[in-house]
Amino acid sequence: MVGSVAPIFHTKSCQTWWQHVSTVLCTACMAAGMGNIYRLPQTTLIRGGLPFVVAHTVLTLLVGLPLLFLELGVGQMAQEGVVKAWRAVPFFKGIGYVKLLAGCLLSIYYPLYMGLSTFYVIWLLKGPAPFQECSARVKMTENGYSSVGKKGQDCLKETFIKPPLEDPYWFGIFTGFLFVIWIIITILSIRKTKSYIRSLIILFFPMIFVNFNLFVKSIILEQDTDSLGTFFTSAEWSKFTSSEVWYYACIQVFFSTNVGFGQFVTNAGIIYNKVNPCWTAVGYITINLLFGLGSVLISQSLTGTLTNQTSLNITSRNGDIAELYLTSLIYDITSSSRNSEIKAWAIMFFLLILLSGFISMATITYALLKTLTIESRRRLKWWHMSIILSFAGCVLGSCVLFQPHFDVVHLLDHYIVGNLILICTVIEVLALITFYGIDRIRSDFEFMLGHILSKLWLILWWLLPILLTFIFAWGMITLPMERIFKDDQAWMYGIGWGVVLSATIFIFAVGGWIMMRQEGYTVRDKFSESVKPSQNWGPTDPMSRHNWVQWNTKAKQGERDFTLKRKGTKDYTRSIKKSKKMAALSDLSNTAVDGMYKDNHKQSIRTNGR
């Protein structure tokens, strides 16, 4: 019997071990997305250097960490998509749709960065930089003839991102890259959660390999020159008190951490349904900061060191595209350097951007598909929706290229997406703490955690909308309406802020429509009903919902029965397994003792009879 019981516990422990490992790998992989690997170092180069990095780190801890903890808790309670999560406060259901829109906009222009990286990798493998298509003239050197290339931005404007009406050849190449990229994205999410988790685990290892090699290369280069030392010593700390640093650092937090887009709300009910939301939030933010700061140091070391070696002037960038600043800078340095190793490291850098793009797109696509399939009345199949989404993303991404100079990408990234998420976050947190109630939030989180919730989290949730509103208002009042390298056109201002304002109005319009559908004699009664949790709010799992109802019943009486922790949490599962194991061992020992007692008793009866 002992031999038959042991394999059962061994199998369960192996399954639990693999679930923990896969969860950790998925969490670490999500921290290495496009916003953290590419957008953060590029924005650091543009927006102030070290002061920007410090402001970004501070806001990640003050904004990203409490907001992620809140999203994971709400997601574990809802156990469905970001729109269904607003059963907690139905009036603000429009926030879920606006976040869905922000995710769709990200999926339009993130693959463009990936296609650009693919272009650099293939053309660097074809021949040395500068590319033949971007060669301006030929000059005589000590080693013979060498070509002098155009500046990276000018090269892109005349080749890869050239409008299709001017040169359809390069447009065809770009759309071909986009088509292949979207096929790979479809494969990464075609089989729902299983393919998504496996994709993140597979992408994690090459990401770590490339990142580690680039980090080692930056350390080797740092021994020859003092590029990082210059980065720290030449920091202009006067910018630390400017609204530009704090406003753009606040926007960057959402792109770096993926918080606010609804992805963690969706994943919390599936991937993170059996983990502690507090420690998951702390662990993810820690890994996210490590990846982000590491990418900043790598980019500063490579660009700073190589710039000093080649005496390349990068200060005159008037008329350049800010969204392509880092990639074009790496190309400029590669084409100007005589070091043969620079080409290999440039290829690895563009591969890093490509891998981070696949990680971000897998996460974004999975969250979109999960929400769309749940919200669809026809209940379309997952693979049908995946093909439709990929086709739409490929077509819309190709249409973006019709406008020259990446103006549509600048419109989406600079004006619309970040501001949409910031405004939605302010309204979301205010709605939860005001209408759902801080007491309900504390009760639900204590039910999930299995212990009393610290008051520090409640204070941070109260301060979060105040801090975000202050930074947003400060930036809108003091920041000039101009682009970093060139002034924006009037249509960008109009469309950008028009979309943001329309989305804000849409949130309250949806709330008004939901309010009018409620039962009540007056508008006040209907509004009161629309901000109350709906009847189907709460865990969808029957056992979890039963325990949650019991918990709330006792909580109303002032009791806190922490034995009713939600089934599936790590502590609960561990306690159940421990109790079952002890019960099984106890049964084995009792059986052995009873058998020995019965044999001895029969033997004594026979002896007495004799």
Whichever residue in the range 218-271 is acidic (Asp, Glu) and farther than 19 Å from Ser295 by Cα and, among such residues, is surrounded by the most Cβ atoms within 10 Å (Cβ to Cβ) = Glu244
Lys99 being under 26 Å from Cys250 (Cβ atoms) and crowded, with 23+ Cβ neighbours inside 10 Å = yes
inquiry  = Condition first: among the basic types (Lys, Arg) and either outside any helix (DSSP H, G or I) or within 17 Å of Met385 (Cβ to Cβ) (or both). Now tell me which residues in the range 156-213 satisfy that.
reply    = Lys162, Arg191, Lys192, Lys194
remark   = Taking the range 142-171 and keeping residues touching a Pro at 6+ places or on another chain (Cβ under 7 Å) and modelled with pLDDT of 85 or more leaves Pro163, Phe171
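A quick yes/no check of all residues on (1) touching a residue at least 40 places away in the same chain (Cβ under 8 Å); (2) in contact with a helix residue (DSSP H, G or I) (Cβ under 6 Å, 6 or more places away or on another chain); (3) more than 30 Å from Phe215 (Cβ to Cβ):
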| residue | (1), (2), (3) |
| --- | --- |
| Ile347 | yes, yes, no |
| Phe350 | yes, yes, no |
| Leu369 | yes, yes, yes |
| Ala392 | no, no, yes |
| Gln403 | yes, no, yes |
| Phe406 | yes, yes, no |
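Here is a yes/no grid of residues against (1) among the β-branched types (Val, Ile, Thr); (2) out of contact with any helix residue (DSSP H, G or I) (no Cβ under 7 Å at 6 or more places or on another chain); (3) closer than 18 Å to Lys93 by Cβ:
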| site | (1), (2), (3) |
| --- | --- |
| Leu460 | no, no, no |
| Ile471 | yes, no, no |
| Trp474 | no, no, no |
| Val499 | yes, no, no |
| Thr504 | yes, no, yes |
| Ile514 | yes, no, yes |
| Pro533 | no, no, yes |
query = Quick check, is Val408 among the β-branched types (Val, Ile, Thr), more than 18 Å from Leu67 (Cβ to Cβ) and out of contact with any strand residue (DSSP E or B) (no Cβ under 6 Å at 6 or more places or on another chain)?
reply = yes
query = Here are some residues: Leu40, Leu59, Leu50, Leu45. Which one is in contact with a His (Cβ under 8 Å, 6 or more places away or on another chain), touching a residue at least 60 places away in the same chain (Cβ under 8 Å), in the same structural domain as Ile298 (by TED's automatic domain parsing) and farther than 25 Å from Ile271 by Cα?
reply = Leu40
task = Might you check whether a residue that is assigned to a helix (DSSP H, G or I) and without any contact (Cβ under 8 Å) to a residue 12 or more places away in the chain occurs anywhere in the range 414-435?
result = yes
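Can you name the residue in the range 501-539 that is of a type in the set (Gly, Ala, Ser), surrounded by fewer than 17 Cβ atoms within 10 Å (Cβ to Cβ) and within 30 Å of Tyr415 (Cα to Cα) and is also farthest from the chain's Cα centre (by Cα) among such residues?
It comes out as Gly512.
The values are calculated or read from the model by the stated rules, or taken from the named source; none is laboratory data. A quick note: this is a predicted structure, and the numbers were derived from the prediction, not measured. Ideal geometry is used to build each Cβ from the backbone, glycine not excepted, and the neighbour counts take in all protein chains shown.
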